[in-house]
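Here the structure comes first, spelled out in structure tokens, and everything after it is commentary.
The values are calculated or read from the model by the stated rules, or taken from the named source; none is laboratory data. Keep in mind it's a predicted model, so treat the numbers as computed, not measured. Neighbour counts run over all protein chains shown; Cβ positions are idealised from the backbone, glycine included. Side chains are part of the model used for accessible areas, which takes the heavy atoms of the whole protein and leaves out ligands, DNA and RNA. Shrake-Rupley method; radii C 1.70, N 1.55, O 1.52, S 1.80 Å.
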Amino acid sequence: MSKNVVITICIVFLLIVGVFFFFSSSSCKRESETTNIYSFTHLTLTVPPEATDFDWSELKDVYEARIYDFADMRIFQVQEGGRKAIVEITGAHDPDMIASLLITPLNIVIKEKGADSPIAESEEIEAVRSIYFDDQMESLGLYVGLSSEAGTKLSAYTANATPDNPLTLTMFVDGKEFSEMVIPIPIQDNALQFEIPEGIDDYTTDLLSFMFSKKLPFTVGLVMEQSYLIPPKGTTPAELQIKDVIGDLLKK
């Protein structure tokens, strides 16, 4: 084997090792920022007494989509004749916020303020992800990808938009005005970008992008909620502080 071949093999090997460690360190950094390996959260969910049309498997799918990359759902177990479910989650960085968002409908409506007909609702939103809203990477935002049907409505709505006569769309979350998007030109790509309200950090923006991906299929309530840190960080359970996350964020 020639000296040049040996050198080439060594270089390739070092590149492979370098790429491995780069992605490993990036993954570990992401995990440390969004999860807490000592965190354990227990929820006992119930449905209203009058509820008859509900499917726990749909709720499980929604929860898995909402907490993806932010926690692990270890148990989802239906009990008591199908009217209660036990949910156990590990890794939640902020158990209060995650538990609160999991029982919040998070129904999204995108429309012109005051209009009767929306451009898109949760069922017509195919993708939500966090983005930087400006080139300086200082403002956070949400990319919202729409279905083709909603995209057609969006194209028609923005057809006459100009820099001198821009249009404005508002994102409502459970009836609350969450963000606005000013549209100076027609949109043809079925996509919108909304700036995150001031005061909301990177972690919360990322979390919301996953939580907004699916609305609750039916109303759920809590009959018991606890969180605690497992050894060696702790053992004493604490009651979760359930809150209006969207309302609190908009007050910042």
Study note, to complete from the structure: Subtracting the Cα-Cα distance of Val78 and Lys113 from 0.36 nm times their residue separation yields 8.5 nm
**Study point:** Sequence of Thr162, Thr104 from largest to smallest accessible area, 1.4 Å probe
**Key:** Thr162, Thr104
Practice item. Give the span of the range 105-252's Cα atoms along each principal axis, as three whole-Å numbers ordered largest to smallest. Key: 60, 38, 25
Practice item. List the chymotrypsin sites (Phe, Trp or Tyr not before Pro) within the range 56-111 that fall in a DSSP loop (any state other than H, G, I, E or B) and whose Cβ has at most 15 other Cβ atoms within 10 Å. Key: Tyr68
Review point. Put Arg83, Arg129 in order of accessible area, largest first, 1.4 Å probe: what do you get?
Key: Arg129, Arg83
**Study point:** Under-5 Å amide H pairs with Lys84, H placed in peptide plane, nonlocal only
**Key:** Gln79
Revision key, fill the gap. In nm, the gap between the two label points placed 7 Å beyond Cα toward Cβ at Met137 and Glu121 is 3.9
Exercise for review: Would you mind calculating the relative contact order of the range 84-240 from Cα pairs under 8 angstrom and at least 6 residues apart, reporting the percent as a whole number?
Suggested key: 26
Revision key, fill the gap. Among the Cα-Cα pairs of the range 43-89, the proportion with separation greater than 18 Å, in percent, is 27
Practice item. Determine, for each peptide in 236-242, 148-154, the mean count of other beta carbons within 10 angstrom over its residues, then list the peptides with the highest first. Key: 148-154, 236-242
Revision key, fill the gap. Under 5 Å from the placed amide H of Glu112, counting only residues 5+ away or on other chains, we find Ile119, Thr170
